[in-house]
Amino acid sequence: MRFAPFAWSLLAAFALPAAAVTIDGHIQPGEWQGARHITDFRQTQPLTGKPAIYPVQAWILATPKGLAVAMRVSQPPGVPRTEQHVQHDFREEVDRVNIDVDFTGSGRTGYNFTVASTGAIDDEVITNETHSSSDWDGIWQHAVSQDAQGWTAEVLIPWYTAPMSSAVNGKRTISVYLDRVIGVLGLRAAWPVASYSNPRFLSDFTPIRVPAYHQSLLAVSPYVSGTYDAVHGSDRLREGADIFWKPDSRFQLTATLNPDFGEVESDDLVVNFGAIETFFSDKRAFFTENHGIFDFSLLDDNSQLVYSRRVGGPADDGDGASDISAAVKLNGSAGATRYGALVAQERGAAGRFFSAARVVHDFGDQNLGLLLTRVEHPFLDRDATVLGIDDHWRPNAEWTIAGNVIGSDIVQHDLRTRGAGATFLADYQPGGGWTSEWAGMHFDDKLQVNDFGYLSRNDFDYLHWEVRKRTTDLPSDSRYSSHEWQFRIDGLNSDDEQLRLRRELRISRDSQLRSGGQENIELDIDSAGWDDLLTRDHGALLLPPSFSLNLRESSPRHGDWAIDSNFSISSGGSAGNGTSAGLSGNREIGYDLEFTPTLYVSNTFNVTVGLEYQYLPDWLVWQHDNLVGRFRQRMLELDSGFFWSISARQELRLKLQAIGLDAHSRGGYLVGADGHARPATEPVGDFSVRDFGVQLRYRYELAPLSYLYVVYGRGGFLEVPQPGAAFDLFRRSFALRQEAQWLVKLNYRLDL
């Protein structure tokens, strides 16, 4: 175990002049001569900062074809290895290395390249220091090899992957982070000592100077797809293309014509009776390509000023989803300034026109940005303009301060409405495992950003203070390797009427298990407060105090099994489907049970069967005006599927979800002007919901980002005004067939 690192160092030191790097998973003598050689990897999971338990070496070399990185990780006999094959953008806890690059060195956007020991990959975009999204897919080379003492990964990332900063004296600065993970043990060693569990991650990457190589790209990805609707007996043929032009390292342009977006992906089923819109991520290649420049978070969950799912979303005339005629996006940099622009036009009389412009300037320890969006709705005679200014400041190693201000200007039928908002976030890391955070948000009741963006609600003021303490010096015989305790208090008021919406105390503990798993315990205690969303502007409802307690545990594969589980109890209806806690407060308790085992039939085939059962004794659902229904709700949900890695280029995937929901009425209630709910004479009856969706997808990789898909999908949703046992409703959901289609799609990327 001690000989291997010395041998690799000796070979590098006395090697002959380097030949071109070959990405084959084997580090040849002399191949990495001239590379930066890194051996000082430290433990970051648990986050002790001590030298890596199992040595890691890395080589970083700038080449004319891209940034080349090799990693040699020790994993001698006796240290368990994960051998299962996983799909692209995997989430399983397997042996892997991560190579993260901020191509501008500004701490605003990073790109993560993950390689598993079995050769699977994941690529992500990192924004707002720690927020990662796996929606983006890039083209980069990778290879792995294994031996008795460990394994080796080699990666080549083209320079055209992302816009870069301007060169100075023939060199430019990028920032890099590397780590390796032993999946079964949950151990992570990294260089530098940085962690996504800290408030600051991107900014802690190590800056390195590399030669200013220039690399161009012109690629066209035409597609053709044929769809057969098995319910209505109709078919449809579509064709279109994506165009990628990157003449140099500082400018990139992407265009799409008649796009066929998202038909080979499937969203999770959601039963939502609440007032807050469900957020969905976007897997459409045009929008995920270099989209990080448009990231403008408003701190609220999933909030964005550019929510790309709006484009091609439900049409303004209510006639299904909109078709997109064309869209163009560009990114670039000029000195320390980065910029981006996006325009998209939907087809037809109800088609909208979307546009966004973004500028960010790097002042070294501070970034200042501006984002302007505009959406034109001809069908609604509505124009929506939103302007945001954001700032990200790192005055020293302990403090990170961020904030933004936004304003909206809506003109509809010659009537103008203007709104405003602002957010503030300050993180303080004094050391010793302590972290403090202060956050604030203000959005007035006139602010409207959801023409292009996503904000779950406006009209509120919010403050919180949070303190966290990480403990890593646990006894060696403990089942835990680390704990992170969190204590948070927050307050939420409506902005216009200053109603007390919430006062909450949160106590939680995130723990890393020595078995490689994770455990989370969270207790939320809420004071009495008002719900001003439930009745959709027909009066606010005063609710009693409530609580929720949640325990979640996940485990990587051990033997043939991996298991995730979740158990929660809560007051009344506060656990359910985006709706309010019930009228009974803490007098009635609901619960939610989830159990998700995965069976690994072999290293290339696994089956997941996730079951959830939910009971809410006091579930409130809006009916109309100020009338709400009170229900006793039971729900059974199945979320299952399988993955079969047929070969290195072929995979077969099944995703199946079924939901049965039974709601027994406890009567109707009218929300009075004083906020109290009083029994209504108007009857509110029982109802039930069945929801089903299944997708079977075969994918064959012809070349990088070039695929043949054969997909079968079926589903349906049915809500009826009659009760039914949750299990029976769940069983009958499999018979739903409101939609059923076959899809064959071929896209091929041509590098010109």
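The table below lists the values:
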read-out	value
Dipole of the chain [Lys/Arg +1, Asp/Glu -1 at C-beta], most positive-end residue of 569, 139, 554	139
Global form of the stretch 648-708, assessed from the alpha-carbon gyration tensor, a/c cut-off 1.5	prolate
Whole-angstrom gap from the stretch 615-677 to the stretch 130-196, using each part's C-alpha centre	40
Cα-based Rg of the stretch 655-752 normalised by 2.2 N^0.38 Å, two decimals	1.78
Dipole-positive endmost among 272, 38, 380 within the chain (Cβ charges, Cα centre)	38
Rounded FRET efficiency, nearest 0.05, which uses the C-beta distance separating residue 698 from residue 552 and R0 of 45 Å	0.85
Label-zone membership for the stretch 587-610, site residue 565, 7 angstrom Cα→C-beta point, backbone N under 15 Å	592-598, 610
Shape of the stretch 557-696, Cα gyration tensor, a/c cut at 1.5	prolate
Label-point gap, in nm, between residue 708 and residue 586 - each point 7 angstrom along Cα→Cβ	6.3
The stretch 224-285 shape via C-alpha gyration tensor axes, a/c threshold 1.5	oblate
Additional length obtainable on full extension of the chain from residue 396 to residue 463, 0.36 nm per residue less Cα span	21.7 nm
Lys, Arg +1 and Asp, Glu -1 on Cβ, resulting dipole of the stretch 605-730 about Cα centre, debye, nearest 20	440
Heavy atoms of residue 32 accessible to a 1.4 Å probe, total area in Å² rounded to 10	10
Zone residues, the stretch 267-301, relative to residue 624, backbone N less than 20 Å from point 7 Å out along Cα-to-Cβ	273-275
Carbon + sulfur, % of accessible area of the stretch 661-752 - ligands and nucleic acids excluded, 1.4 Å	59
Which of 154, 594 is most accessible, then next, and so on - probe 1.4 Å	594, 154
Linear extension gain, residue 132 paired with residue 528, 0.36 nm per residue minus alpha-carbon span	139.1 nm
Nearby aspartates and glutamates by direct alpha-carbon distance to residue 171 (threshold 18 angstrom, same-chain neighbours under 8 apart not counted)	102, 248, 362
Label-reachable residues, the stretch 679-721, where backbone N falls under 18 Å from a point 7 Å from residue 278's Cα toward its Cβ	688-696, 713-720
Contact order normalised by residue count of the stretch 613-712, Cα under 8 Å, 6+ apart, percent	24
At 1.306 mPa s and 10 °C, Stokes diffusion of the chain via Kirkwood alpha-carbon radius, µm² per second	57
Distance between modelled label sites at residue 326 and residue 345, nm, 7 Å Cα→Cβ extension	0.6
Given 283/469; 329/745; 329/655; 329/446; 283/329, the pairs whose alpha carbons are separated by over 28 Å	283/469; 329/655; 329/446
Heavy-atom accessible area per residue - the stretch 389-462, 1.4 Å, Å²	44
Assigned charges on the beta-carbon of Lys, Arg, Asp, Glu; the chain dipole about Cα centre (debye)	1920
The stretch 281-400 - percent of accessible surface contributed by carbon and sulfur, probe 1.4 Å	57
Dipole magnitude (debye, nearest 20) for the stretch 379-482, charges at Cβ of Lys, Arg, Asp, Glu	300
Probe 1.4 Å - accessible area at residue 214, Å² to nearest ten	120
Residue 334 paired with residue 377, simple spin-label distance in nm, labels 7 Å along Cα-to-beta-carbon	3.5
Alpha-carbon radius of gyration plus Dmax, which is the widest Cα pair, for the stretch 479-563 in Å	18.6, 58
Accessible surface of the stretch 100-160 [probe 1.4 Å, protein heavy atoms]: carbon and sulfur percent	44
Surface accessible to a 1.4 Å probe, per residue, for the residues of the stretch 18-69, Å²	43
Dipole of the chain, positive end: most advanced residue of 660, 396, 370 [Cβ charges, Cα centre]	396
Degrees separating the helix 3-13 axis from the principal Cα axis of the chain, which is the longest one	60
Rounded accessible area per residue of the stretch 77-125, 1.4 Å, Å²	25
The chain, relative contact order [Cα under 8 Å, separation at least 6], %	9
Residue 146/residue 602 FRET efficiency (R0 25 Å; Cβ-Cβ; nearest 0.05)	0.90
Value of relative contact order over the stretch 103-166, rounded to a whole percent, pairs C-alpha under 8 Å and six or more apart	29
Residue-level accessible surface for residue 85, protein heavy atoms, 1.4 Å, Å²	60
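The values are calculated or read from the model by the stated rules, or taken from the named source; none is laboratory data. Small disclaimer: the values here were computed from a predicted structure and weren't measured. A quick note on method: Cβ atoms are made from the backbone with ideal geometry, for glycine too, and the neighbour counts reach across all protein chains shown. Keep in mind that these areas ignore ligands, DNA and RNA; they rest on the heavy atoms of the full protein, side chains included. Shrake-Rupley method; radii C 1.70, N 1.55, O 1.52, S 1.80 Å.
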